[in-house]
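Take a look at the structure below.
The values are calculated or read from the model by the stated rules, or taken from the named source; none is laboratory data. Predicted model, so just to flag it, every value in this text is computed and none were measured. Here the Cβ positions follow ideal geometry from the backbone for every residue, glycine too, while neighbour counts run over all protein chains shown.
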Amino acid sequence: MSSEVTSPFGVVLDVASGGVEPEGPVTERRVSDLEGLFKDGGAYRRARDGGDALVYRVVGAPVPEVPGEVPFSVTTIEPGDVGGELYMTKGHAHTAYEGEVYVGLSGRGLLLLYSGEEARWVEISPGRVGYIPPGWAHRTVNVGEEPFRFLAVYPGGAGHDYDFVEEHGMGARVFRSGKGYEVVDLSAGAEGAV
Ligand code: M6P
Ligand code: ZN
């Protein structure tokens, strides 16, 4: 347990910009930070070497990530794709058996969840909230033409385990299609999988 004492406070979420005031930690991830995530290695290298665009930005509130606290942050994923595979977060599992809530703020996104056997997905948009149960790895994908923005709220003791997704993937991939987007389910739980 931390000896830090957090006082009650309010923050202003600027839904139009993804800003949080007062601001805590900020993380930006560009194409070059997402090595190994996208299926098309050639398209990935071209995107990385030809501009290295910003893919997403996470602006946290000033809440420590320790048990008992409840950190929250606004994530903005830009619209775009690498070889047709839509821009997405790295994705992580929690190191502790803890869940999380994602509240849609603007744009259209997909919350991908992976149990290690089964892949699931939930649409997130303004007025739609996605629930991540404990034990499910999770990633978000921008499936629209505008920036996709959501508020995440999670237990301070949850922890981020990136190795699980690096090793096992997310059991599904999301691509642009004529209808907007298409989810390709590669998991053992997929219909027709053995
Ligand atoms: C949400 C939360 C954060 C997470 C961020 C980006 O805001 O789940 O905890 O860090 O999304 O996701 P990732 O850490 O997988 O890049
Ligand atoms: Zn999480």
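A Cβ distance below 6 Å, combined with a sequence gap of six or more or placement on separate chains, defines the contacts here; from segment 99-115, residues that are β-branched (Val, Ile, Thr) reach residues that are more than 13 Å from ligand 1 (Cβ to nearest atom) in the pairs 103/129. Residue check, residue 73 against (1) among the small types (Gly, Ala, Ser); (2) without any contact (Cβ under 8 Å) to a residue 60 or more places away in the chain; (3) surrounded by 13 or more Cβ atoms within 10 Å (Cβ to Cβ), all met but one. Which one? Every listed condition holds for residue 73 apart from (2).
Evaluation of residue 58 against the conditions (1) out of contact with any helix residue (DSSP H, G or I) (no Cβ under 9 Å at 6 or more places or on another chain); (2) under 25 Å from residue 172 (Cα atoms); (3) assigned to a loop (DSSP other than H, G, I, E, B); (4) aliphatic (A, V, I, L, M) shows that the sole unmet condition is (3). On the stretch given as segment 4-25, residues that are surrounded by 10 or more Cβ atoms within 10 Å (Cβ to Cβ) and more than 19 Å from residue 104 (Cα to Cα) total 5. Among the candidates 129, 82, the residue that is in contact (Cβ under 8 Å) with a residue 12 or more places away in the chain, in contact with a strand residue (DSSP E or B) (Cβ under 8 Å, 6 or more places away or on another chain) and not acidic (Asp, Glu) is uniquely 129.
Restricting segment 130-182 to residues that are surrounded by fewer than 19 Cβ atoms within 10 Å (Cβ to Cβ) and of a type in the set (Lys, Arg) leaves a set whose member that is farthest from residue 110 (Cα to Cα) is 179. Within segment 110-136, the set of residues being within 15 Å of ligand 1 (Cβ to nearest atom), out of contact with any Leu (no Cβ under 7 Å at 6 or more places or on another chain) and under 19 Å from residue 86 (Cα atoms) comprises 110, 111, 112, 113, 114. The residue that is nearest to ligand 2 (Cβ to nearest atom), counting only those in segment 74-92 that are in a strand (DSSP E or B) and over 11 Å from the mean Cα position of the chain (by Cα), is 86.
Only one entry in 47, 96, 137 is at pLDDT 95 or above, out of contact with any helix residue (DSSP H, G or I) (no Cβ under 6 Å at 6 or more places or on another chain) and not basic (Lys, Arg), namely 96.
Every condition in (1) in contact (Cβ under 8 Å) with a residue 12 or more places away in the chain; (2) within 16 Å of ligand 2 (Cβ to nearest atom) is met by residue 172 except one, and the failing one is (2). Candidates are the residues of segment 36-70 that are in contact (Cβ under 8 Å) with a residue 24 or more places away in the chain and among the acidic types (Asp, Glu); the one that is surrounded by the fewest Cβ atoms within 10 Å (Cβ to Cβ) is 40.
Do the conditions hold for residue 97, that is, is it within 14 Å of ligand 1 (Cβ to nearest atom) and either part of a loop (DSSP other than H, G, I, E, B) or crowded, with 16+ Cβ neighbours inside 10 Å (or both)? When the stated conditions are applied, residue 97 does not pass them.
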